[in-house]
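Enquirer: Before I ask anything, here is the structure I am working with.
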C-alpha cells in the first residue's frame, strides 16, 4: 500500500513550485505525451486536481492527451476542462464526446461524453453552443438528451 503524500511534501520533492509555474507542468505533460507514459499522465492529473492547477496555460497540452488511447484519464481531463471553461477546449471536448474509447466500452451511461457536454455547457460561448447543437443530432440518446439539457439551461 502506498503512503499518502502531503501537499507540502509533494512540493518539497519538486525543484519547482508547480503551483506557480504552469510552464513546468506543461513541460511534464508534453514529456508524458511524447513518451506515452500513462502513469505520468495519471500522476499529473492528480497533482492538477490536488493543487487546483486549472490553468488555461496547460489546456493545449492536455487537449493533445484527450485524443490519445494509451491512457485512462479522459474523464478527469473533461472534468478539468469544465473547471477551466476555456474556449480553447471546445473542439477537443466535442471530439471526445463522440469518441468511444475501448476501455470505456462497458460504460452504458457514456460518462465521458456527458462530462464533455457539461463542460461545453459551462463554457457557454456561441461556439460551444454550436457544438452542443450538433450533439443534439446524435443517434445516441444519452448524448442527445444531455446536449439538449445544456442548451436549455439557464445561465445566471
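The values are calculated or read from the model by the stated rules, or taken from the named source; none is laboratory data. No experiment lies behind these values; they were computed from the predicted model shown. Please note: Cβ atoms are built from the backbone with ideal geometry, for glycine as well, and neighbour counts cover all protein chains shown.
Enquirer: How about segment 28-56: which of its residues are over 20 Å from residue 88 (Cα atoms) and either part of a loop (DSSP other than H, G, I, E, B) or in contact with a strand residue (DSSP E or B) (Cβ under 6 Å, 6 or more places away or on another chain) (or both)?
Expert: Once the filter is applied, which keeps residues that are over 20 Å from residue 88 (Cα atoms) and either part of a loop (DSSP other than H, G, I, E, B) or in contact with a strand residue (DSSP E or B) (Cβ under 6 Å, 6 or more places away or on another chain) (or both), segment 28-56 yields 36, 37, 51.
Enquirer: Out of 61, 79, 128, I need the residue that is under 23 Å from residue 151 (Cβ atoms) and surrounded by fewer than 21 Cβ atoms within 10 Å (Cβ to Cβ). Which one?
Expert: So the residue among 61, 79, 128 that is under 23 Å from residue 151 (Cβ atoms) and surrounded by fewer than 21 Cβ atoms within 10 Å (Cβ to Cβ) is 79.
Enquirer: Now, a different point. Would you call residue 22 surrounded by fewer than 19 Cβ atoms within 10 Å (Cβ to Cβ) and closer than 17 Å to residue 128 by Cβ? It would help to see each step written out before you state the result.
Expert: Working: surrounded by fewer than 19 Cβ atoms within 10 Å (Cβ to Cβ): yes; closer than 17 Å to residue 128 by Cβ: no.
No.
Enquirer: Follow-up question, since we're still on this one. For the structure I just gave you, tell me whether residue 72 is outside any helix (DSSP H, G or I) and under 12 Å from the mean Cα position of the chain (by Cα).
Expert: yes
Enquirer: Using the structure shown, decide if residue 106 is modelled with pLDDT under 95 and either under 24 Å from residue 36 (Cβ atoms) or crowded, with 21+ Cβ neighbours inside 10 Å (or both).
Expert: Working: modelled with pLDDT under 95: yes; either under 24 Å from residue 36 (Cβ atoms) or crowded, with 21+ Cβ neighbours inside 10 Å (or both): yes.
Considered against the rule, which asks whether it is modelled with pLDDT under 95 and either under 24 Å from residue 36 (Cβ atoms) or crowded, with 21+ Cβ neighbours inside 10 Å (or both), residue 106 comes out as yes.
Enquirer: Quick one: which of 44, 93 is in contact with a helix residue (DSSP H, G or I) (Cβ under 8 Å, 6 or more places away or on another chain), buried (at least 21 other Cβ atoms within 10 Å of the Cβ), over 23 Å from residue 120 (Cβ atoms) and modelled with pLDDT of 85 or more?
Expert: It is 44.
Enquirer: Any residue in segment 108-137 that is at positive phi sitting within a Cβ distance under 6 Å of a residue that is at pLDDT 95 or above and in a helix (DSSP H, G or I)? List the pairs, counting only those 6 or more apart or interchain.
Expert: Here the result reads 110/142, each pair linking segment 108-137 to a residue that is at pLDDT 95 or above and in a helix (DSSP H, G or I).
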